[in-house]
Every structure is written in structure tokens, then in C-alpha cells.
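Q: Handing you a structure now.
The values are calculated or read from the model by the stated rules, or taken from the named source; none is laboratory data. What you see is a predicted model; the values in this text were computed from it and never measured. Glycine also receives a Cβ, built like all others from the backbone with ideal geometry; neighbour counts cover every protein chain displayed.
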Amino acid sequence: DVQLQESGPGLVKPSQSLSLTCTVTGYSITSDYAWNWIRQFPGNKLEWMGYISYSGSTSYNPSLKSRISITRDTSKNQFFLQLNSVTTEDTATYYCARITTAMSYAMDYWGQGTSVTVSS
Amino acid sequence: DIQMTQTTSSLSASLGDRVTISCSASQGISNYLNWYQQKPDGTVKLLIYYTSSLHSGVPSRFSGSGSGTDYSLTISNLEPEDIATYYCQQYSKLLTFGAGTKLELK
């Protein structure tokens, strides 16, 4: 079965970079699909942040484009989120998920989410 | 960006009820509309994709419909495990989510 698991620091200082890892088991991230980051703010609003496709191409939410980078390590079947110059507004629960373009860009597998607080 | 509006933020229903949750888009989205369920522990599951296609393993009491700008998710016979928050998501331009509808027991 496909499983995704987020990991990374739970606390980041303002102006620093937020770095998270999504480890995928049960499916190779180079075989197909797009591998995404989504965040949920306090109050429960969901925001799609971006993805890296199976081929390595990326797509980002324009609202984040200057601060975000999604990369991968195919040998470890992991993909990563880096968000630069964070503020308290970036405090959220961060999810990784798989998108299937053949199904209306639906996210068919999600991680459990990891909470990140931006605070000094 | 296309804005997704779920006008009902919370909804109370009884076990066995038929429940309908609505979602509207700020412009037409050509049926590129998906529905998710989020449990209180944060677990998120895909229920419906492309307006009305049931995702694998999802009970048949869940169904979706709609077109143009207006879409809905229906639970035909509410079960205890359906108590959750439900989100719509579009992909016509970028990906955006509705604000969610929290389903509670009456």
C-alpha cells in the first residue's frame, strides 16, 4: 500500500527556512504521478503549495513562488519542501500527498501531517 | 484564482439521515471537482473525484453531482464514522480548496 510520512522540525524561527521531508513507501516517486505539499492553517484553510512530478518538473502556487522549492532524492524515495523567509503566517500543519492527474488532479494518498510553528 | 465557497460551515444531522454538502466555484470548472473527508485526528481521505466518480474503497453511500459552478456531496445514510469535515477542491486553474463543512451529530 502507498504510504506518505512527513518529518521535520516542529519549530522554526522567523526569517529562517522551513525544511520538511516526505518519505514515500509502496510506490516509486519516479514511476508516475505528482508529489505535493499542502498546508492547513489554524482555522482549517487548506492551501496547495506545489508539486514535483515523477519526471522532476515542478509547479508552484504563484503566491509562494519566490520562497518555495520542492526537490527530491530518488534513491531514498523522498521529496522535500523548503520555504524561505518564514513568518508567523507560515504556522500550519503541512501535508504531503500524491496527485493523480488522470483523476481530475485528485490527491488520493495523504500523509498524516506535521505541525510547524514559526516563532522566536 | 478560482474561489471555492462552501456556504455551510457546520451541519448537524442524525444517524441514518441523508446529508448534502454544497460547494460553488467563482467561475465554471468543467467538473474538475474533488471531495475530501478530514477526521478530527487530521487524517485526510479522497472520497469523490471528477464530480461524481467514487474513489476506490469509499462506501457507496457517498455520491457527488454538479456542473458548471455548483457541486454537491451527498451521504445517503449517515453512519457514525462519517462525522468529519468535508472539503471540495477544484482543478481548473491551479488547485484551490473550499473552507470546509463540519458535519456533527444532532
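Q: Counting only residues that are closer than 18 Å to A:Ser15 by Cα and of a type in the set (D, E, K, R), which one in region A:48-95 is surrounded by the most Cβ atoms within 10 Å (Cβ to Cβ)?
A: Restricting to residues being closer than 18 Å to A:Ser15 by Cα and of a type in the set (D, E, K, R), the top hit is A:Asp90.
Q: Only one residue in B:Leu103, B:Leu95 is within 11 Å of another protein chain (Cβ to nearest Cβ) and of a type in the set (A, V, I, L, M, F, W, C). Which one?
A: From the options B:Leu103, B:Leu95, the qualifying one is B:Leu95.
Q: Out of B:Asp17, B:Asp70, B:Asp41, which single residue is over 13 Å from the mean Cα position of the chain (by Cα) and over 19 Å from A:Gly113 (Cβ atoms)?
A: When all the criteria are applied, what remains is B:Asp17.
Q: Which of the residues spanning region B:95-106 are part of a strand (DSSP E or B) and either farther than 27 Å from A:Tyr60 by Cα or at pLDDT below 95 (or both)?
A: Within region B:95-106, B:Lys102, B:Leu103, B:Glu104, B:Leu105 meet the criteria.
Q: Checking B:Ile83 against (1) touching a Ser or Thr at 6+ places or on another chain (Cβ under 8 Å); (2) more than 22 Å from B:Ala25 (Cα to Cα), which test does it fail?
A: Every listed condition holds for B:Ile83 apart from (1).
Q: Please find, among A:Arg98, A:Arg72, the residue that is among the charged types (D, E, K, R), in contact (Cβ under 8 Å) with a residue 12 or more places away in the chain and within 14 Å of chain B (Cβ to nearest Cβ).
A: Step by step, each of A:Arg98, A:Arg72 is checked, and only A:Arg98 is among the charged types (D, E, K, R), in contact (Cβ under 8 Å) with a residue 12 or more places away in the chain and within 14 Å of chain B (Cβ to nearest Cβ).
Q: Can you find a residue that is part of a strand (DSSP E or B), touching a strand residue (DSSP E or B) at 6+ places or on another chain (Cβ under 8 Å) and β-branched (Val, Ile, Thr) anywhere in region A:77-86?
A: no
Q: Follow-up. Please go through region B:61-94 and give me each residue that is outside any strand (DSSP E or B), in contact with an Asp or Glu (Cβ under 9 Å, 6 or more places away or on another chain), closer than 26 Å to A:Gly43 by Cα and free of Cβ contacts under 8 Å to residues at least 60 places away in the same chain, ordered by number.
A: The one that is outside any strand (DSSP E or B), in contact with an Asp or Glu (Cβ under 9 Å, 6 or more places away or on another chain), closer than 26 Å to A:Gly43 by Cα and free of Cβ contacts under 8 Å to residues at least 60 places away in the same chain: B:Ile83.
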